[in-house]
């Protein structure tokens with residue numbers, strides 16, 4: 001059986017590793033317990049989390065044991081990595097609710113039955129710590145100079161880094177120590193923005209326990225301009241179908257940049273690499289075949305085959321000229337006046353625009369079509385009869401939404 005490390009490398013996951021050859025040998029020699037942490041900052045996982053989930057799935061398929069660590073404790077502080085400002089402080093009740101939502105979603109991808117995977121919550125050991133004892137036992141192993149040189153802190157120094165957030169690296173490192181003690185966890189994995197935090201945990205385990213510990217990071221999904229993927233005008237692309245519908249999820253991946261298609265096929269699907277490379281070589285209009293395959297395969301993993309089929313059929317029906325498919329995103333107005341609704345309000349209500357000012361900008365740029373009519377007047381109105389019959393609003397060439405009453 002192929003070493004899972006080689007699979008992750010071939011598919012494009014690995015960015016950095018503490019001891020590449022040792023990790024490879026470890027994964028080849030025994031069942032390894034590893035962990036990935038998920039801070040519960042929202043009530044749904046996002047497309048950004050999906051890459052790490054895919055890595056967990058590859059690892060579990062190869063016989064290794066995942067620990068999904070829910071950040072009930074670390075979320076109380078918030079990871080400063082990649083953030084220009086301090087994260088919003090959340091209540092414990094909100095964090096607990098979000099963690100429950102994460103677990104429910106993770107259970108769709110990871111098999112937790114019979115000890116095949118473990119779920120843990122760092123609130124169990126972080127929230128009741130004796131602070132002075134913690135500083136003596138853990139803080140003594142961290143150099144402030146080295147911590148300040150870490151990328152996760154360095155980029156915040158000019159704007160201001162609170163001591164509150166400065167504790168985050170030590171807390172995450174302590175997670176690795178606890179998981180090693182409790183479950184013989186030997187490997188921490190995460191996005192490449194977690195490298196400094198992961199190194200902290202690896203070194204803490206080695207110093208405190210004198211045992212081997214390893215870390216590796218995955219590449220972050222970014223556009224060709226270096227901007228994190230998984231964002232739209234409406235915000236994050238969520239794995240929760242109530243927050244991002246399967247159709248919208250499908251369309252997001254269907255519309256990604258041509259140059260990112262092969263990379264995403266390798267990272268976010270289980271297609272054989274021969275097929276990934278074949279699809280990645282398609283050019284011109286044929287690249288749309290690869291994009292449709294990508295969108296379908298990802299949607300199938302996240303939302304199931306039935307929803308993926310519906311999303312694909314809805315997309316084909318739209319772009320084939322039909323507007324009668326029931327699977328497209330739809331907003332129903334419970335109460336509409338006899339005067340109808342302004343196009344500006346309709347764009348905001350359907351979330352095609354985040355604000356009225358953005359809606360007006362879209363109209364001014366000629367990006368809005370209602371039914372078969374391109375809208376150029378900011379004061380344009382959709383009649384009550386049109387809404388009652390079900391009217392299609394289009395933003396640009398590829399984003400559709402049905403408004404009905």
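Observations on the model:
- Extension reserve of the residue 223-residue 112 stretch, reckoned as 0.36 nm per residue once the Cα distance is removed: 36.6 nm
- DSSP finds beta bridges in the chain, and of those with both partners inside it, around 50 percent are antiparallel.
- Neighbour-count ranking [beta-carbon atoms within 10 angstrom, fewest first] of 112, 218, 249: 112, 218, 249
- Potential extension, residue 255-residue 337 segment - 0.36 nm per residue separation minus Cα distance: 25.9 nm
- Short-range pairs are left out: with C-alpha atoms under 8 Å and at least six residues apart, the relative contact order of the chain is 14 percent.
- On a per residue basis, the convex hull of the C-alpha atoms belonging to segment 1-102 measures out at 118 Å³.
- Residue ranges 263-274, 363-374 sort as 263-274, 363-374 when ordered by packing (mean number of other C-beta atoms within 10 Å per residue, highest first).
- Counting neighbouring Cβ atoms within 10 Å and putting the fewest first, the residues 31, 65 line up as 31, 65.
- Each part reduced to its alpha carbon centroid, segment 187-202 and segment 101-137 end up 16 Å apart.
- Two-site FRET efficiency, residue 143 against residue 270, from Cβ-Cβ distance with R₀ of 25 Å, rounded to 0.05: 0.05
- Whole-angstrom gap from segment 219-258 to segment 33-60, using each part's C-alpha centre: 16 Å
- Taking N as its residue count, the alpha carbon Rg of the chain over 2.2 N^0.38 Å: 1.10
- Footprinting exposure proxy ranking of 24, 312, fewest other C-beta atoms within 10 angstrom first, gives 24, 312.
- Cα gyration tensor shape for segment 283-405, rounded if a/c is under 1.5, else prolate or oblate: prolate
- At full extension, residue 306 and residue 242 could sit 21.4 nm farther apart than now, given 0.36 nm per residue minus the alpha carbon distance.
- Across segment 41-142, the mean sequence separation of Cα contacts (distance under 8 Å, 6 or more residues apart), normalised by length, yields a relative contact order of 38 percent.
- Using C-alpha pairs below 8 Å separated by at least 6 residues, the relative contact order for segment 209-357 is 23 percent.
- Computed [θ] at 222 nm, deg cm²/dmol, the chain (DSSP H ≥ 4; -39,500 (n - 2.57); rounded to nearest 500): -13000 deg cm²/dmol
No value in this document is a laboratory result; all are computed from the given coordinates. Quantities reported herein were computed from a predicted structural model and do not represent experimental measurements. So basically every Cβ, Gly included, is an ideal-geometry build from the backbone, and we count neighbours across all protein chains shown.
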